[in-house]
Amino acid sequence: MEDTIIAQRRAKAEAMREKGLHPYANDFRVTHMAGALHAEHDGATEADFEERRIDVAIAGRVMAVRSFGRVVFLAVDDRSGRIQVTLFKKQVPAEVWELLKLLDVGDLIGAEGPLMVTRKGELSVKAEQLRIITKSLRPLPEKWAGLTDVSTRYRQRYVDLIVNADVRETFRKRAEIVRYIRRFLDDRDYLEVETPMLQPIYGGASARPFKTHHNALDMQLYLRIAPELNLKRLVVGGLHRVYEINRCFRNEGVSTRHNPEFTMLEFYEAFATYEDLMRLTEELLSGLCEHLHGTAEIEVEGHQISFAAPFRRLSIYDGIVEYAGVPREQVTDRAALLEAAERLGVKKADTLPLGYLQMEVFEAAAEEALIQPTFVTDFPLEVSPLSRKKDGDPTLVDRFELYIAGRELANAFSELNDPDDQRRRFEAQVAQRAAGNEEAHPMDEDYVRALEYGMPPAAGQGIGIDRLTMLMTDSASIRDVIFFPLMRPEA
RNA sequence: GGGCCAUUAGCUCAAUUGGCAGAGCAACGGACUCUUAAUCCGCAGGUUGAAGGUUCGAUUCCUUCAUGGCCCA
């Protein structure tokens, strides 16, 4: 029973105290990391170390104990990897040998001694001193099957990380992705900024917000659904290349690709168009994939995905023709679209304005089929209240979304910088809202005022960092790339 | 929101038609001087997710609830 095991281990901690040993000491100094020792000395022979003694002090968590009477092997994990510690009864002080009786798998230990190579050729630390630095009271999951229960893995991520090396690797890759993006944008003279997450008016995306309240000012605030409008205020202010990587919040359902809080990269560049951003995105993603995997082609959900530029371009209308089977001359025909929507199982289609209807049909028919990286372009005006109208067709905007492996990864457009047009777009959104669309934008007077000062022509893009990490680590659920995904309370 | 599935020892999983709730690992006791999931001997560990119902008898059948997964909307 678990309580029995915990009680036994507590008793061992108590036994340590009786010997004058602190079961939660913090005075051990590490000189070497497991990963570096392997990198430097794997392949060495015992004769090499007899010739040249190399003393090390390592510390980490005991993941396995293999005892042979007068020889004991410990598998010890530190942050860089695993190293074996070997103890010979004859060669350690008696009190160290006694201490092994109090040692459990899961304890954090410190070991000091020279490097050695076992008869089987494994690099080891031949311990001359061993300390239990932190006594672990709870048993780790079984060593071979490990921890697989997904609920426990997410709720007790610390255990998941201790026992599942691939989980540690996924999160290491996530950090590497963010680092790569920062370097990529910094190198192009972008400025990293931070803008408020608490906002009196939310905007920049179509979503329902979380509401909260500021006591001292007695005001309603929203957690941002996107940083977009503040970043463009900075572009107005002369920060012509800016980016932010941080959390956004959307009060929506939870699924394998949605978590209520998620991390988004948004970047804005003045004097650029959405077409420039397509090229930038191709460069960013192919470079990132090469950096992580050494190749621009990886497997995701069983598909070979190639990040080699150029990515496919597909307009919304072409997509509706190709995937929804609507004849080219009928892509703006309400009746034809409604027929397709019916066939594709879109609900409440008859209540939707034309642009929204086109998007529903496109998404229902095409989204899952877009496996290779595809820039979906030429969005309807109504669904794009912040995008610049297309020169030559004012019913469309200069916008794209990037789809990879059937998932939406990025959204970008040339920015609308005509303040009067922006005001009309907001007014149309407010009307949509009055008609029952809870995701429509509220009016933002200050944003219009900012545009009235003059925002340079610009283009901007948002990329979901969680989804990008899913893609680059072939993770099926967003919960596998977020340390602590939202869960209901334990029963 | 709807449908299906799962929940049994610390972990990973069994349990025949409704008939004494089991194994491996971990733990505990012991053997063992080179292991890599060490091996061997011994021993112990259970409110079968919760509540209720049917039954002589429920892990098993029924109802409700909780948590999670998959699919659909």
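For this structure, a couple of remarks:
- Residues in segment A:117-133 that are of a type in the set (Lys, Arg) and not in a loop (DSSP other than H, G, I, E, B): A:Lys126, A:Arg131.
- The residue list A:Ala335, A:Ala309 contains one member that is over 19 Å from A:Leu402 (Cα atoms), surrounded by fewer than 18 Cβ atoms within 10 Å (Cβ to Cβ), more than 16 Å from RNA strand B (Cβ to nearest atom) and among the small types (Gly, Ala, Ser), which is A:Ala335.
- Meets criteria (touching a residue at least 60 places away in the same chain (Cβ under 8 Å) and within 22 Å of A:Ile478 (Cα to Cα)) for A:Val235: no
- Selection within segment A:433-462 - within 30 Å of A:Thr295 (Cα to Cα) and either part of a loop (DSSP other than H, G, I, E, B) or in contact with a helix residue (DSSP H, G or I) (Cβ under 6 Å, 6 or more places away or on another chain) (or both): A:Ala459, A:Gln461
- Test: residue in segment A:293-302 that is touching a strand residue (DSSP E or B) at 6+ places or on another chain (Cβ under 6 Å) and among the acidic types (Asp, Glu): yes
- Any hit, segment A:188-211, residues being open to solvent by less than 40 Å² (accessible area, probe 1.4 Å), over 20 Å from A:Tyr447 (Cβ atoms), modelled with pLDDT of 95 or more and over 18 Å from the mean Cα position of the chain (by Cα): yes
- Considering the conditions (1) surrounded by fewer than 17 Cβ atoms within 10 Å (Cβ to Cβ); (2) at pLDDT 95 or above; (3) not assigned by TED's automatic domain parsing to the domain that holds A:Glu408, A:Gly325 is excluded by exactly one of them, (2).
Each row is one residue, and each column tells you yes or no for (1) assigned to a strand (DSSP E or B); (2) surrounded by 22 or more Cβ atoms within 10 Å (Cβ to Cβ); (3) more than 16 Å from RNA strand B (Cβ to nearest atom).
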{"position": "A:Val346", "(1), (2), (3)": "no, no, no"}
{"position": "A:Gly355", "(1), (2), (3)": "no, no, yes"}
{"position": "A:Thr377", "(1), (2), (3)": "yes, yes, yes"}
{"position": "A:Pro394", "(1), (2), (3)": "yes, no, yes"}
{"position": "A:Phe400", "(1), (2), (3)": "yes, yes, yes"}
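- Segments classed as helices (runs of 4 or more DSSP H), wholly inside segment A:134-229, with at least 2 members that are within 30 Å of A:Tyr24 (Cβ to Cβ) and among the hydroxyl-bearing types (Ser, Thr, Tyr): A:150-155
- Among the residues here, A:Met264 does not qualify as in the same structural domain as A:Phe400 (by TED's automatic domain parsing), free of Cβ contacts under 8 Å to residues at least 24 places away in the same chain and among the hydrophobic types (A, V, I, L, M, F, W, C).
- Being of a type in the set (Asp, Glu), within 17 Å of A:Tyr180 (Cβ to Cβ) and without any contact (Cβ under 8 Å) to a residue 60 or more places away in the chain holds for only one residue in A:Glu290, A:Glu297, and it is A:Glu290.
- Selection status of A:Phe267, crowded, with 21+ Cβ neighbours inside 10 Å and assigned to a strand (DSSP E or B): yes
- Annotation: of all residues in segment A:145-166 being more than 11 Å from RNA strand B (Cβ to nearest atom) and either free of Cβ contacts under 8 Å to residues at least 12 places away in the same chain or over 23 Å from A:Thr256 (Cα atoms) (or both), the one that is surrounded by the most Cβ atoms within 10 Å (Cβ to Cβ) is A:Ile162.
- Hits in segment A:463-477 - residues which are in a strand (DSSP E or B) and open to solvent by less than 10 Å² (accessible area, probe 1.4 Å): A:Ile463
- From the options A:Glu128, A:Glu142, residue that is open to solvent by 30 Å² or more (accessible area, probe 1.4 Å), closer than 25 Å to A:Arg9 by Cα and in contact with a strand residue (DSSP E or B) (Cβ under 7 Å, 6 or more places away or on another chain): A:Glu128
- Any chance A:Ala412 is part of a helix (DSSP H, G or I), touching a residue at least 60 places away in the same chain (Cβ under 8 Å) and closer than 20 Å to A:His240 by Cα: no
The values are calculated or read from the model by the stated rules, or taken from the named source; none is laboratory data. Nothing here was measured: the structure is a model prediction, and the numbers come from that model. FYI the Cβ positions are ideal-geometry reconstructions off the backbone, even for glycines, and counts take in every protein chain you see. In case anyone asks, the SASA skips ligands and DNA or RNA and just uses the protein heavy atoms, side chains included. Shrake-Rupley method; radii C 1.70, N 1.55, O 1.52, S 1.80 Å.
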